[in-house]
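Working notes, beginning with the structure itself.
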Amino acid sequence: MTDRDQPISPLRQRMIEDMEVRGFTACTQRGYIAAVGNFTAFLGRAPDQADKEDLRRFQHHMRMQAASAANMTMAVSALRFFFGVCLGRGDAEVGMTTVRLPQRLPVILSPAEVARLLDHAPGLKARAALSLAYGAGLRAKASGLPQGDGYRLRAPGDPGGTG
């Protein structure tokens, strides 16, 4: 017997219907259902019986399991939806907090690196465009320059190659 052959609980059916009414994408629906399923597995009982202390313990559990900030934030959103919309319980989400995504600082080129970059510009027009773009703090894709090999800006640790 597969998962699709098993009957859907009334609580899950209610959640699916509430998400459909609000126009959630299939991907969001899968993520929310998985998050509530993970919470239920952690809790060991029906999720509608949980209180705010259970939610706090689940968030702590996720952090101790090294869940990413994005996964934790998605789980918080799913549980807020489940308790607030599906169950009409605004009290349960009080202690839940989203996790901030770490911000990456841009790589700043040294004056020698900037000079080397400008020296490799194929002409005066390209050199002027690069100087203006770098001086204004523009990323390569936002500079309007073609992204061919002669114009691609690469910084260490920047997998996108957008300097």
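Per-structure values
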{"quantity": "Output for the range 115-137, where each listed residue is part of a helix (DSSP H, G or I) and either within 30 Å of Gln13 (Cβ to Cβ) or of a type in the set (Gly, Ala, Ser) (or both)", "calculated": "Ala115, Ala126, Ala128, Ala129, Ser131, Ala133, Gly135"}
{"quantity": "Residues of the range 24-43 satisfying the condition of being free of Cβ contacts under 8 Å to residues at least 12 places away in the same chain, in a helix (DSSP H, G or I) and under 20 Å from Gly88 (Cβ atoms)", "calculated": "Thr40"}
{"quantity": "Selection count where residues are exposed (fewer than 15 other Cβ atoms within 10 Å of the Cβ) and touching a Phe, Trp or Tyr at 6+ places or on another chain (Cβ under 7 Å), scope the range 52-104", "calculated": "1"}
{"quantity": "Some residue of the range 104-114 being outside any helix (DSSP H, G or I), modelled with pLDDT under 85 and among the hydroxyl-bearing types (Ser, Thr, Tyr)", "calculated": "yes"}
{"quantity": "Every pair of residues 6+ apart whose Cβ atoms lie under 8 Å, when the first sits in the range 9-23 and is under 18 Å from Arg45 (Cα atoms) while the second is surrounded by fewer than 16 Cβ atoms within 10 Å (Cβ to Cβ) and among the small types (Gly, Ala, Ser)", "calculated": "Leu11/Ala46"}
{"quantity": "Tabulated pairs, the range 55-74, first of a type in the set (Gly, Ala, Ser), second assigned to a helix (DSSP H, G or I), C-beta under 8 angstrom, 6+ apart or interchain", "calculated": "Ala67/Ala75"}
{"quantity": "Per-region count, the range 44-88, residues more than 19 Å from Val99 (Cβ to Cβ), part of a helix (DSSP H, G or I) and touching a Lys or Arg at 6+ places or on another chain (Cβ under 9 Å)", "calculated": "3"}
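The values are calculated or read from the model by the stated rules, or taken from the named source; none is laboratory data. Note that the structure is a prediction, hence the values are computed from the model and not measured. Note that we place each Cβ from the backbone using ideal geometry, even for glycine, and neighbour counts take in every protein chain shown.
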